[in-house]
Amino acid sequence: MKTKCHNLRRVGCILLLLWLPLLPVRGESIVNSKHNLSVSGPGSIKSTTESDVCIFCHTPHNSAKEAPLWNRFDSGATYTPYSSTTVKATIDQPTGASKLCLSCHDGTVALGLVRSRSQQIPMQGGITTLPPGATHLGTDLADDHPVSFTYDAALVTADGQLNNPSQLTPPVRLDKTGQLQCTACHDPHDNQYGKFLVRNNYASALCVTCHDKTDWQGSSHRTSVATWNSQGTNPWPHTTETTVAANACESCHAPHGAGTKQRLLNFADEEQNCYSCHTGNVASKNLQSEFNKISVHPILNTSGIHDPAEDVINPTRHVECVDCHNPHATRSATASAPNAPGSLARVKGVNSSGGIVDSITKEYELCFRCHADSTGRGPARVTRQYIQTNTRLEFSSSSASFHPVTTTGKNPNVPSLISPWTTASLMYCGDCHNNNQGPGAGGTGPKGPHGSSYIPILERQLTMTDNSPESSGIYALCYKCHSRASILGDQSFKEHNKHIVGERAACTTCHDPHGVQGKTHLINFNTTYVTPSSGGRLEFIDTGDRRGTCYLTCHGKDHNPENYNP
């Protein structure tokens with residue numbers, strides 16, 4: 001009788017293997033995988049006595065109602081599902097195949113506790129449940145790719161960056177109810193691609209079966225063949241691929257056990273997801289060191305605040321790498337002012353009219369996002385006669401004078417300009433605000449206003465206080481575009497030399513470099529040094545080409561008024 005029962009059990013298991021409809025066997029047998037928990041299993045988690053391979057999940061008799069001939073008990077746990085401010089799917093408790101997978105992988109049900117055995121199957125090392133590790137998901141699934149949600153055309157429309165489910169082809173598939181389950185990505189019977197994936201995920205081929213991120217195809221993160229030099233933090237802690245392009249999505253995202261739960265980022269600190277490559281260990285330039293300088297965009301001041309769905313103009317005040325760079329779209333394409341370069345592709349901003357744009361086309365539109373209409377933009381750095389901290393208004397074409405960021409300037413006669421600059425030129429915010437060791441300053445460091453040794457993130461030095469001896473160094477930023485010889489030769493204004501050299505007045509004592517709504521030639525006096533005249537007036541009056549009248553008191557002299565003519 002015992003032999004007969006044993007033979008029947010073997011026949012039943014053979015029939016079960018032939019019947020299993022979940023996924024077709026394509027490559028490696030389950031016998032050679034870690035899902036073989038019998039004594040013959042190759043992994044460290046296996047039974048001390050049980051020889052049957054299938055029994056840990058299936059039984060030919062007295063199975064649970066769930067297909068396929070399910071031999072395990074439900075955990076009964078209540079799970080914390082994935083959630084984020086940007087997810088469009090409705091995600092609740094696990095169902096279907098995902099619930100079956102979790103009967104082992106949530107770590108609450110004994111591995112050897114099956115319906116077809118009266119006694120729990122003993123496991124090596126005396127373990128009962130799945131031990132801690134990458135495969136022990138627990139009951140908090142908020143750091144795991146969402147499962148058990150309906151993936152249909154309505155979701156595709158709401159999300160805007162998913163492929164239509166009608167385009168999904170095997171081996172990636174939804175369950176019979178149209179829900180995405182663990183089995184969309186994992187085949188529990190076949191480990192030929194590792195991690196029981198249904199297909200090779202090289203270059204995120206599995207990820208992009210469902211995800212269709214805007215501009216991803218041309219992104220540097222999809223095409224870069226840069227490798228890790230084995231220094232610092234491993235940028236790819238959960239893969240075996242060796243280039244940025246090969247890791248693709250997983251350069252930043254972890255499908256299970258993510259460091260940042262929302263959007264499943266590898267590391268908990270936002271900037272660490274960028275630093276892991278952008279320290280010179282993968283990317284060629286070290287950006288991390290830029291944020292240690294005296295003047296920086298302060299990405300280290302806040303953590304966990306940035307949200308893609310936040311108010312574009314007035315969120316909780318912060319700055320993170322992804323406020324300026326879209327990792328799914330960024331590319332190396334160059335551009336000419338004022339057009340945004342590829343590094344700023346697909347980021348939100350504010351245009352010159354104050355309207356929100358979802359994808360900037362001009363560099364200044366990104367800067368205006370925080371430095372224009374935002375109520376948290378901060379006070380003026382220089383105490384001026386006319387206070388204006390909204391850069392959008394400073395650079396407005398309706399202003400009397402401005403540096404030509406949004407449109408060409410209004411002064412047709414600027415003899416100090418150094419070629420190739422002309423009065424028809426346009427410029428970037430980044431022509432002034434940039435890395436002091438970057439290519440714009442003649443260095444080899446990375447481009448961009450990440451950090452500088454000169455406040456406020458200036459590419460070159462600009463002393464903003466009086467009483468310093470004039471030199472090419474202390475006004476280097478101005479002399480980048482304006483000839484020092486021309487300025488000190490009084491070609492633009494007959495007393496430049498007297499004021500800058502003789503009286504040691506800084507350029508910013510008279511000029512506001514962004515723009516002035518009501519005064520020409522960027523005249524907006526620094527009231528720390530310039531006060532009203534004896535007649536109580538503080539005013540510059542433009543009387544024509546290189547002509548003007550000043551009412552003020554400065555460097556110990558009362559101008560009441562002082563007339564300037566060529």
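Quick check on the stretch 230-251. Is at least one of its residues over 21 Å from residue 277 (Cα atoms), of a type in the set (S, T, N, Q) and within 17 Å of the chain's Cα centre (by Cα)? Checked against the condition, which is being over 21 Å from residue 277 (Cα atoms), of a type in the set (S, T, N, Q) and within 17 Å of the chain's Cα centre (by Cα), the stretch 230-251 yields no hits at all. Applying the condition of being within 21 Å of residue 352 (Cα to Cα) and among the charged types (D, E, K, R) to the stretch 371-388 and asking which residue is modelled with the lowest pLDDT yields 377.
Return yes or no: is residue 142 small (Gly, Ala, Ser), out of contact with any Ser or Thr (no Cβ under 7 Å at 6 or more places or on another chain) and modelled with pLDDT of 95 or more?
So residue 142 fails the test.
When only residues in the stretch 439-460 that are touching a helix residue (DSSP H, G or I) at 6+ places or on another chain (Cβ under 9 Å) and assigned to a loop (DSSP other than H, G, I, E, B) count, which is nearest to residue 479 (Cα to Cα)?
Going through the qualifying residues, I end up with 460.
Checking each residue in the stretch 228-274 for being in contact with a Lys or Arg (Cβ under 7 Å, 6 or more places away or on another chain) and either at positive phi or in a loop (DSSP other than H, G, I, E, B) (or both) picks out only 248. Residue 167 satisfies every condition listed in (1) modelled with pLDDT under 95; (2) closer than 19 Å to residue 188 by Cβ except (2).
From the set of residues in the stretch 160-194 that are under 18 Å from residue 57 (Cβ atoms) and charged (D, E, K, R), which is surrounded by the fewest Cβ atoms within 10 Å (Cβ to Cβ)? Checking each candidate, the answer is 175. When the criteria are applied in full, residue 422 meets the requirement of being without any contact (Cβ under 8 Å) to a residue 12 or more places away in the chain and farther than 17 Å from residue 352 by Cα.
Taking the criterion of being crowded, with 18+ Cβ neighbours inside 10 Å, of a type outside the set (Gly, Ala, Ser) and either assigned to a loop (DSSP other than H, G, I, E, B) or without any contact (Cβ under 8 Å) to a residue 60 or more places away in the chain (or both), the residues of the stretch 208-227 that qualify are 209, 210, 213, 222. Scanning the stretch 290-311 for residues that are crowded, with 16+ Cβ neighbours inside 10 Å, without any contact (Cβ under 8 Å) to a residue 60 or more places away in the chain and either of a type in the set (A, V, I, L, M, F, W, C) or not in a loop (DSSP other than H, G, I, E, B) (or both) returns a single hit, 299.
Give the stretch 137-152 a look and list any residue that's out of contact with any helix residue (DSSP H, G or I) (no Cβ under 7 Å at 6 or more places or on another chain) and not β-branched (Val, Ile, Thr), or say none. Passing the criteria: 138, 140, 141, 142, 143, 144, 145, 146, 149. Scanning the stretch 403-459 for residues that are surrounded by 18 or more Cβ atoms within 10 Å (Cβ to Cβ) and at positive phi, we see that the one that is nearest to the chain's Cα centre (by Cα) is 448.
Yes or no, residue by residue, for (1) aromatic (Phe, Trp, Tyr); (2) in a loop (DSSP other than H, G, I, E, B); (3) free of Cβ contacts under 8 Å to residues at least 40 places away in the same chain; (4) surrounded by 15 or more Cβ atoms within 10 Å (Cβ to Cβ):
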| residue | (1), (2), (3), (4) |
| --- | --- |
| 36 | no, yes, yes, yes |
| 55 | no, no, no, yes |
| 61 | no, yes, no, no |
| 86 | no, yes, no, no |
| 94 | no, yes, no, yes |
| 107 | no, yes, yes, yes |
| 116 | no, yes, no, yes |
| 119 | no, yes, yes, no |
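Could you check, for the stretch 358-368, whether at least one of its residues is surrounded by fewer than 19 Cβ atoms within 10 Å (Cβ to Cβ), touching a helix residue (DSSP H, G or I) at 6+ places or on another chain (Cβ under 9 Å) and not small (Gly, Ala, Ser)? Among the residues of the stretch 358-368, not one is surrounded by fewer than 19 Cβ atoms within 10 Å (Cβ to Cβ), touching a helix residue (DSSP H, G or I) at 6+ places or on another chain (Cβ under 9 Å) and not small (Gly, Ala, Ser), which makes the answer no.
Scan the stretch 347-388 residue by residue and report those that are in a strand (DSSP E or B) and touching a residue at least 60 places away in the same chain (Cβ under 8 Å). Selection gives 384 alone. Hey, any hits in the stretch 486-508 for a residue that's of a type in the set (Ser, Thr, Tyr), at pLDDT below 95 and crowded, with 17+ Cβ neighbours inside 10 Å? Yes, because at least one residue in the stretch 486-508 is of a type in the set (Ser, Thr, Tyr), at pLDDT below 95 and crowded, with 17+ Cβ neighbours inside 10 Å.
The values are calculated or read from the model by the stated rules, or taken from the named source; none is laboratory data. Everything numeric here is computed off the predicted structure, so don't read it as measured data. For neighbour counting, all protein chains shown are included, and Cβ atoms are generated from backbone atoms with ideal geometry for every residue, glycine included.
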